[in-house]
Each structure stands twice: as structure tokens, then as C-alpha cells.
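Reviewing the structure listed below.
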């Protein structure tokens, strides 16, 4: 599977543009993490891109989120991606994250929310105004972006990255695609 094929599958299953943009953001973070860690950039990017492909089917049934993705993707995605997608919702699926791909996806999914929320409170509403220092402050403010799990962001440590380095890599990845994200 390549990125274009993944985007076609997403467009066939997700109509909410904000969800699609979120998936693109997570894919950019995953690609940057793979590059930094010396892993397969294409595989990690696709895992990020496809991680919420079943969101509209499962938004009212969180216990199925990730599991329905396997049905949607079938044999078109590698088993590592399917497992990562299921484990990114381990609290509901019971598929525990075991490897760096799976743990990084959990961290990247949450970090994208924190970074985008930080950009949206900037005067220009642009990622260019966001700094790692801003993110660290927002991370500590429990009332900021309440739905963003700080515990999930801290999965970055399980792949050998400090919070500072993880936020730096994630922010830079999103700044690179800021125009695509309309931020």
C-alpha cells in the first residue's frame, strides 16, 4: 500500500475533514519519529495515516475502534499496521502496545491534539508561532486541551525519547505540513 491508496481508503470511510486532517497530522509525526529512530518511514507514516480509518463507524462504540479498521483494510495493509491501529485503542480493544511502532502511534495521536490546540490559541492561529517551550507549558496545564491525554503523550519515553525531544520532533513535523493542515 502506498500513501495515495491509503488516502483513497480514508476518503471512502471518513467524511469529516477535521478527522482526515488529524490523520494526516499523526502521519507526519510518525514519519518524523521513524526518521529520527532509524525505522521504516513509509510503514510508520501509513500507520499514522490509517489509525482512525474506522472512526466514523465506531465513534459511538469505542470498544470497536481499531477493530473495525482491520475489516476495512483487510489484506491491503501490513499486519504491523493493523496491530498498531488496534493497540492505539488498547484500553478498549485489549491489544496491548508491545513495540516502538505501537507505542509511538499512541504518543503521536495525543501529541497532535496538543500541538494543534496550542496553534489555535495563538493570535495568528498558525503553527509557526508555537514553540517547544509553549508546548511544555500547555502540557502542564491540565485545563488546556482537557481531552488530550498527557499519559498517552508520555508513551514517547517508552520509545526512548524525552518529552522535550518528542515535542520538538512532533512540532517540526507539523510545521512542515502546516499549509496542508491550514495552520
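A few notes on this one:
- Mean ellipticity per residue at 222 nm, deg cm²/dmol - from DSSP H runs of n ≥ 4 across the chain, formula -39500 (n - 2.57): -19000 deg cm²/dmol
- Between residue 151 and residue 179, full extension at 0.36 nm per residue minus the direct alpha carbon distance yields a gain of 7.2 nm.
- Relative to the longest principal axis of the Cα atoms of the chain, helix 41-50 runs at roughly 80 degrees.
- Estimated FRET transfer efficiency when R0 is 25 angstrom, pair residue 4-residue 56 (beta carbons, to 0.05): 0.75
- Taken along the Cα-to-beta-carbon direction at a fixed 7 Å, the label points for residue 126 and residue 90 span 3.9 nm.
- Helix 17-37 axis versus longest C-alpha principal axis of the chain: approximately 80°, rounded to the nearest ten.
- Each of 174, 161 has some number of other Cβ atoms within 10 Å of its Cβ, and from fewest to most they run 161, 174.
- Angle between the chain longest axis and helix 163-176 axis [Cα atoms, degrees, rounded to 10]: 80
- Alpha carbon convex hull of the chain, projected area averaged over orientations, nm²: 9.5
- Computed FRET value (nearest 0.05) for residue 158 with residue 40, which takes r as the C-beta separation and R₀ as 30 Å: 0.95
A short reminder: the numbers here are calculations on the coordinates, not readings from a lab. Just so it is clear, the structure is predicted and the values come from calculations on it, not from any experiment. Every residue, glycine as well, gets a Cβ built from its backbone with ideal geometry; the counts of neighbours run over all protein chains shown.
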